[in-house]
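Okay, structure first, notes after.
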Amino acid sequence: MDITPLAPLPVDEALRLQALRPYQLLNTMRDETFSELVRLAAKLFNVPIGIVAFVDEEEVSMGLNYGLPPDMDRVDRGETLCSVAMLSEETTVFENLHDHPCDLISPFLVKRLNLGFYAGHTLRTEAGYPIGVLCVIGHEARTFSETESELLARLATVVMGLLDLRLHLLQQPTWNQQLWEAIYARIESSVTRLETLGALAAWEAEDGPTAQAYQASAREESLRVMAVLTEQIQALRA
């Protein structure tokens with residue numbers, strides 16, 4: 001399922017950039033919760049790279065990432081798929097960029113990342129402005145099912161909720177560090193479990209019943225952690 005959205009730049013680009021500004025602070029913070037969050041995204045879809053990308057006027061900031069080279073935290077806006085994925089209402093998927101390259105991404109980035117697969121879902125503010133993308137990237141071509149697309153969309157909603165929550169907490173004179181650390185601990189625990197399930201599945205025949213059972217357990221874990229995180233976000237915002 002290869003989807004190539006051809007969306008134009010948003011008419012309300014100035015308002016979108018204004019909505020983005022508060023979140024850019026989070027891109028520069030060293031917060032282990034977000035480090036674990038992008039790691040969770042990568043492990044959930046069994047790919048080496050997970051990114052929360054913020055799309056600015058001229059650049060895409062990717063400081064919140066798992067698996068990128070240290071010097072690739074910023075790229076020109078016109079050279080990355082995130083700029084296009086941000087404008088889509090649906091999950092944007094490129095299943096095989098080796099055989100079906102996309103002109104919307106820099107050949108240098110494709111070569112540098114050995115980019116074979118990309119899936120991204122828009123991060124939208126409560127007012128509806130697209131400010132970036134949650135994306136997962138792989139070196140090998142792979143299929144991406146409708147179920148996985150829906151899962152990435154749900155995770156993007158959780159990511160946006162955590163970004164909003166962190167901004168909310170930064171504005172409080174006193175905030176509950178313990179509860180924020182509890183969110184980190186829950187994400188870290190889920191990542192560890194997904195890594196274990198992935199390692200166990202790798203020892204089994206890909207289509208065998210045991211591997212499928214491990215994969216089912218991984219899906220259940222992902223749904224469980226998203227439900228728990230949603231509850232924690234709502235509790236802290238109450």
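No lab work stands behind these numbers, since they all come straight from the coordinates. All of these numbers come straight from a predicted model, not from anything done at the bench. Every residue, glycine as well, gets a Cβ built from its backbone with ideal geometry; the counts of neighbours run over all protein chains shown.
What list of ³J(HN,Hα) values in whole Hz, one per residue of segment 112-124 in order, does the Karplus curve 6.51 cos²θ - 1.76 cosθ + 1.60 (θ = phi - 60°) give from phi, with Gly and Pro shown as x?
4, 8, 6, 7, x, 9, 9, 9, x, 10, 5, 9, 10
If R₀ is 41 angstrom, what is the calculated FRET efficiency for the pair residue 207 and residue 31, using the beta carbon separation as r and rounding to 0.05?
The value I calculate is 0.55.
For residue 217 paired with residue 143, estimate the spin-label separation in nm (one decimal), with each label point 7 Å from Cα along the Cα-to-Cβ line.
If labels sit at residue 217 and residue 143, their model points lie 2.4 nm apart.
Once the piece of chain linking residue 178 and residue 57 is laid out straight, how much longer is it, given 0.36 nm per residue of separation minus the C-alpha distance between them? Walk me through the intermediate numbers first.
Numbers: separation 121, 0.36 × 121 = 43.56 nm, distance 3.60 nm.
Gain on stretching residue 178 to residue 57: 40.0 nm.
What order do you get for 94, 144, 108 when you list them from fewest to most C-beta neighbours inside 10 Å?
Details: 94 26, 144 22, 108 10.
Sorted ascending by nearby Cβ count, the order is 108, 144, 94.
In debye, nearest 20: dipole of segment 13-237 around its Cα centre with unit charges on the Cβ of K, R (+) and D, E (-)? All intermediate terms of the calculation are to be shown ahead of the outcome.
Details: 18 positive and 32 negative charges, 115 e Å.
Charge dipole, segment 13-237, about its Cα centre: 560 debye, nearest 20.
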